[in-house]
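Engineer: One structure is given below, represented as structure tokens, and several questions about it will come after.
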Amino acid sequence: MPTLVTWNCNMAFRRKREALSTYDPDLVVVPECECPDTVGEWDAYDDWRWIGSDEHQGLGVFARGGVSLSYGRAAAVGGTLTAPIRTDGDVDLLAVWAKDDETDPRRRYVGQVFETLRAYDEFLDDRTAVVGDFNWNDQWDDSPKSPLYGTLADVRARLAEYGLTSAYHTAADCAFGDESDPTFYMHKKRSREYHIDYAFLPSDLAERATVSVGTYDEWIDASDHVPLVVEW
């Protein structure tokens, strides 16, 4: 049963990755990850791909269990940190770390994800998983500080066109914005909890997937995010 984990590690993944071993992941998407080519030892993984302008804080994708990775082709660059990754496993990946964009506020966070999907239309299909830190929850769609190129509802609708659906929301049978399992604690405060990390999978995989989310007590010392773990 393949296992996919996404976890914003809040930097220094090399010092924290052992904590993920309990999940025995085949694929790991890690926002805020250092560059494996320049920092640390990475024998625990069979392959990886990394993008970013700061070697201490980029977006990493790691594989185990003999899975190999390569970059997929895209018509244009999408989000600030998004990586189209081909695998020889069950799914390809579009890894996401959505960030703020002070030069174009309409493109911040989930607006950036929406633009990414447009840019990577040739890469996306019904065997692609879109996974990572979207930095957005449905509750913010109705009252953003300024207009966005696309809201989370727009992103979900676009992903549905490819036959992709959220594994967590399918397994939990809950609506977006009504999540009972936070993935992020702003400033590491339990009182400021939000579900902002997602794994959109092909519908057939999402419908049979089991999903778990790390707890505050278990992970808060390592990061302000907790892992989202999907098995199918």
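The values are calculated or read from the model by the stated rules, or taken from the named source; none is laboratory data. Because the structure is a prediction, the values reported are computed rather than measured. Note that each Cβ is placed from the backbone with ideal geometry, even for glycine, and that neighbours are counted across all protein chains shown. Each accessible area value is taken on the protein alone, full model and side chains, heavy atoms only, with ligands, DNA and RNA left out. Shrake-Rupley method; radii C 1.70, N 1.55, O 1.52, S 1.80 Å.
Engineer: Between the alpha-carbon centers of the range 8-50 and the range 113-177, tell me the distance in whole angstrom.
Structural biologist: The range 8-50 and the range 113-177 have Cα centres spaced 25 Å from each other.
Engineer: Convert each backbone phi in the range 217-232 into a coupling constant with the Karplus relation 6.51 cos²θ - 1.76 cosθ + 1.60 (shift: θ = phi - 60°), then list the ³J(HN,Hα) values in order as whole Hz, x for Gly and Pro.
Structural biologist: So the J values, rounded to whole Hz, are 4, 6, 10, 5, 5, 8, 6, 7, 10, 10, x, 9, 10, 10, 10, 9.
Engineer: Exactly which trypsin sites (Lys or Arg not before Pro) in the range 52-151 are in a DSSP loop and have at most 10 other Cβ atoms within 10 Å? Display every interim value, and only then the final one.
Structural biologist: Working: sites: ARG64, ARG73, ARG86, LYS99, ARG106, ARG107, ARG108, ARG118, ARG127, LYS145; in loops: ARG64, ARG73, LYS99, ARG108, ARG127, LYS145.
Filter output for the range 52-151: ARG73, LYS145.
Engineer: Please work out the average accessible area per residue across the range 131-208, using the 1.4 Å probe convention, and give it in Å².
Structural biologist: On the way: 3670 Å² over 78 residues.
Here the per-residue accessible area is 47 Å².
Engineer: While we're here: Within 10 Å of each candidate Cβ there may be at most 15 other Cβ atoms; applying that plus a DSSP loop requirement, which GluC sites (Glu not before Pro) in the range 12-110 survive? Display every interim value, and only then the final one.
Structural biologist: Values: sites: GLU18, GLU32, GLU34, GLU41, GLU55, GLU102; in loops: GLU34, GLU41, GLU55, GLU102.
Answer in residue order: GLU41, GLU55, GLU102.
Engineer: Only one of the values (i) 135; (ii) 184; (iii) 116 was calculated from this structure for volume of the Cα convex hull per residue in Å³; name its label.
Structural biologist: Given (i) 135; (ii) 184; (iii) 116, the structure-derived one carries the label (iii).
Engineer: Stretched out fully, how many nm does the piece from GLU161 to ASP221 gain, at 0.36 nm a residue minus the Cα gap?
Structural biologist: Working: separation 60, 0.36 × 60 = 21.60 nm, distance 3.87 nm.
17.7 nm is the gain from fully extending GLU161 to ASP221.
Engineer: Still on this model: Describe numerically, in nm with one decimal, the distance between label points set 7 Å from Cα along Cα→Cβ at LYS188 and at LYS99.
Structural biologist: Between LYS188 and LYS99, the label points sit 2.2 nm apart.
Engineer: Classify the range 85-188: rounded, prolate or oblate, from the alpha-carbon gyration tensor (a ≥ b ≥ c, eigenvalue square roots; a/c under 1.5 rounded; otherwise prolate if a/b is larger than b/c)? Write down the numbers at each step before the final one.
Structural biologist: Details: a/c = 1.66, a/b = 1.20, b/c = 1.38.
Verdict is oblate for the range 85-188.
Engineer: How far apart, in nanometres, would the label points at ASP90 and THR210 be if each is projected 7 angstrom from Cα along the Cα-to-Cβ direction?
Structural biologist: 1.3 nm
Engineer: I would also like to ask the following. What figure, in Å² to the nearest 10, do you get for the accessible area of ARG190 with a 1.4 Å probe and non-protein molecules left out?
Structural biologist: Only protein atoms counted, so the area is about 120 Å².
Engineer: Can you pull the percent of the range 125-212's accessible area that's carbon plus sulfur, 1.4 Å probe, other chains left in place? If you can, show how the numbers build up before the last one.
Structural biologist: Working: 1780 of 4090 Å².
Percent of accessible area from carbon and sulfur atoms in the range 125-212: 43.
Engineer: So what J values fall out for the range 171-187 if you push phi through Karplus, 6.51 cos²θ - 1.76 cosθ + 1.60 with θ = phi - 60°, rounded to Hz, Gly and Pro as x?
Structural biologist: 5, 7, 6, 10, 7, 5, x, 10, 5, 9, 10, x, 10, 8, 10, 4, 6
Engineer: Excluding ligands, DNA and RNA, what is the solvent-accessible area per residue of the range 12-54 at a probe of 1.4 Å, expressed in Å²?
Structural biologist: Working: 2150 Å² over 43 residues.
Using a 1.4 Å probe on heavy atoms only, each residue of the range 12-54 averages 50 Å².
Engineer: A follow-up question, please. From Cα pairs below 8 angstrom and at least 6 apart in sequence, can you work out the relative contact order of the chain, rounded to a whole percent? Write down the numbers at each step before the final one.
Structural biologist: Values: 556 pairs, mean separation 44.4, N = 232.
It comes to 19 percent, rounded to a whole number.
Engineer: Within the range 9-37, which residues have the backbone N less than 19 Å from the label spot 7 Å out from GLU55 along Cα→beta-carbon, could you tell me?
Structural biologist: 11-16, 32-37
Engineer: Which of these, SER212, SER143, SER180, has the largest mean-square fluctuation under a Gaussian network model of the chain (Cα springs below 10 Å)?
Structural biologist: Top of the fluctuation ranking is SER143.
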